[in-house]
Amino acid sequence: MRLKLIVCDVLMREVCLLIAKSPHIFDLEFTERDSHNQSDNLRKMLQDKIDDAVDKKFDAILLGYGLCGNATSGLKARDTPVVIPRAHDCCTLFLGSKEKFQKHFKDNPSQPFSSPGYTERGDSPFHESLLRGDMEKDPKYIEYAEKFGKENAKYIYETMYGNTSNHKRLVYIEIPETRNESYAELCRKRAAEAGMELVSLEGSLDLIRNLIAGDWKTEDFLVVNPGQKTVGIYDWEKIVESEDIKE
């Protein structure tokens, strides 16, 4: 197959490792870490890339993202199917399944986490506002405040992400194939400085591998057919669905 893959650069090591072994032909594009902090901008960027692929005869366009702050809800497939993992965010991609995400993050979906790829991209191994507990400096809060006003933004933010000042743990996810001890040590140091416990979890390439291999089982991936768009479901099973575009 000839495939277009658009993916966040925190997954660069994993994606490049798997593509190097793939029999498929790939057109690969990365977006910068934390682009989901401005979800409308990331959605537009992804839609522009999908639209640019029109008439280029790809068998499918693959997205290496989850819902990612709602950034992938509302994306439209044009003349080519779009494939997206059923994932709330890239944490699911690092863990290898939505079931593992639910197991480890169900009680606190906004739990701060990192990985080797997340650590080496950007200025901080973790989301800075989560470490500081400073809601008003978080780009998501700023975005909500601009749209809905400060009081409504505070309610929406705390409903979605909880009170970040109450975070007691920092989660570090390592996939065996891309393990990097220096990044793990950096995260241990930052956790100690923040007075938090560092919890290490072993990740898996399974979900990313299946995306790249073309093994798009319905329970793990949504295939959006031409003339359809993505719609966020926000449950633990489907997470994202498709519906016909009504224009």
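The values are calculated or read from the model by the stated rules, or taken from the named source; none is laboratory data. Source: prediction; values computed, not measured. We place every Cβ from the backbone using ideal geometry, glycine too, and count neighbours over all the protein chains shown.
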Restricting to segment 26-83, give me the number of residues that are among the basic types (Lys, Arg), farther than 24 Å from ALA145 by Cα and in contact (Cβ under 8 Å) with a residue 60 or more places away in the chain. 2
State yes or no: is LEU17 within 17 Å of the chain's Cα centre (by Cα) and in contact (Cβ under 8 Å) with a residue 60 or more places away in the chain? no
Could you grab me the full set of residues in segment 60-75 that are of a type outside the set (Val, Ile, Thr) and closer than 17 Å to ASP9 by Cβ? LEU62, LEU63, GLY64, TYR65, GLY66, CYS68, GLY69, ALA71
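Listed here are the residues, each with its yes/no results for (1) of a type in the set (Val, Ile, Thr); (2) over 30 Å from PRO112 (Cβ atoms).
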residue: ILE19; (1), (2): yes, no
residue: PHE26; (1), (2): no, yes
residue: VAL54; (1), (2): yes, yes
residue: PHE58; (1), (2): no, yes
Only strands (runs of 3 or more DSSP E) wholly contained in segment 195-247 count here; list those with 1 or more residues that are more than 17 Å from VAL7 (Cα to Cα) and in contact with a helix residue (DSSP H, G or I) (Cβ under 9 Å, 6 or more places away or on another chain). 197-202
Count of residues meeting criterion [buried (at least 20 other Cβ atoms within 10 Å of the Cβ) and not in a helix (DSSP H, G or I)] in segment 84-108: 7
The one condition in (1) assigned to a loop (DSSP other than H, G, I, E, B); (2) modelled with pLDDT of 85 or more that SER124 fails to fulfil: (2)
Of those in segment 200-246 that are β-branched (Val, Ile, Thr) and at pLDDT below 95, the residue surrounded by the most Cβ atoms within 10 Å (Cβ to Cβ) is VAL240
